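Below is one structure, written out as structure tokens; comments come after it.
The values are calculated or read from the model by the stated rules, or taken from the named source; none is laboratory data. As the structure is a prediction and not an experimental result, all values here were calculated from the model. In this analysis, Cβ positions are derived from the backbone assuming ideal geometry, glycine residues included, and neighbour counts consider all displayed protein chains.
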Amino acid sequence: MKIIFLGPPGAGKGTQAQLICKKYNIPHISTGDILREALKNRTLIGLEAKTYMEKGELVPDDVMNKVVTLRLEEPDCSRGFILDGYPRTKNQAVKLNEGLSRKSIKIDFVFYFETSTEKIIARLSGRRICKNCQAVYHNINMPPKKEGLCDICDGALYQRPDDNEQTIKNRLEVYLAATKPVEEYYQNRRELIRVNGDLQAEELFEILNKIFEDREF
Ligand code: AMP
């Protein structure tokens, strides 16, 4: 099952990706996670991405296209994948489509998570992430069983430095400016399925499952 998740930061894409990937045993390819890992390991890509990420701006397309092309060539992607956070510009969408077409790979679902700004700010400012396995929590909506520790691997939870109110607002503006054309690109191809990102995680997961079942996945 090959899926693309579109939608602003804080729309619930990461949480749904976690649930679906577990159920279908496919990798969750979050370009934000890949870049944060690269930054932690001080690789060339990580260092190149650093200044953009700190300001909530987009990392250049050629860097991102290369990162995703390489990731999709890894063997675990043969079963399927969820692309989360990519494509984020029309150029990325076109390049992705060209790369997949060359390999005769078809995307099964493109979901757009519609969410209100208030919800996004509330979600992102309370978001906590496991340093070890990147599982996502929320200090009010989805707290871990033990405070500050991941339920899955006991790793320490942290708050992303770009999850502060000023950077969140910038990321939203950047998102709307750069990613609106991506939404239109898939809309014009009649591939876009809009879902309500304001729903509780379990409720939205049920809706997504229903869509998969209807298509016999
Ligand atoms: P995210 O975890 O998806 O919110 O991404 C965190 C940051 O990584 C973004 O604010 C961008 O600086 C960068 N980033 C992630 N994915 C992309 C992408 N597809 N294109 C450009 N920049 C990206």
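A few points about this structure:
- Looking across Leu192, Leu208, Leu204, one residue alone is farther than 17 Å from Lys2 by Cβ, modelled with pLDDT of 95 or more and surrounded by 14 or more Cβ atoms within 10 Å (Cβ to Cβ). It is Leu204.
- Of Asp154, Asp163, all but one fail to be under 30 Å from Ala93 (Cα atoms) and modelled with pLDDT of 90 or more; the exception is Asp163.
- Residues of region 19-31 satisfying the condition of being surrounded by 19 or more Cβ atoms within 10 Å (Cβ to Cβ) and either among the aliphatic types (A, V, I, L, M) or within 11 Å of the ligand (Cβ to nearest atom) (or both): Ile20, Ile26, Ile29, Ser30, Thr31
- Hits in region 134-160 (condition: loosely packed, with under 13 Cβ neighbours inside 10 Å and of a type in the set (Lys, Arg)): Lys145, Lys146
- Exclusive hit being exposed (fewer than 15 other Cβ atoms within 10 Å of the Cβ) and either of a type in the set (A, V, I, L, M, F, W, C) or within 14 Å of the chain's Cα centre (by Cα) (or both), set Leu47, Leu6: Leu47
- Among the numbered conditions (1) at pLDDT below 95; (2) part of a helix (DSSP H, G or I); (3) over 18 Å from the mean Cα position of the chain (by Cα), the only one that Glu216 does not meet is (2).
- Condition met for Glu48 (over 27 Å from Cys153 (Cα atoms) and either away from the ligand (no atom under 14 Å from the Cβ) or among the hydrophobic types (A, V, I, L, M, F, W, C) (or both)): no
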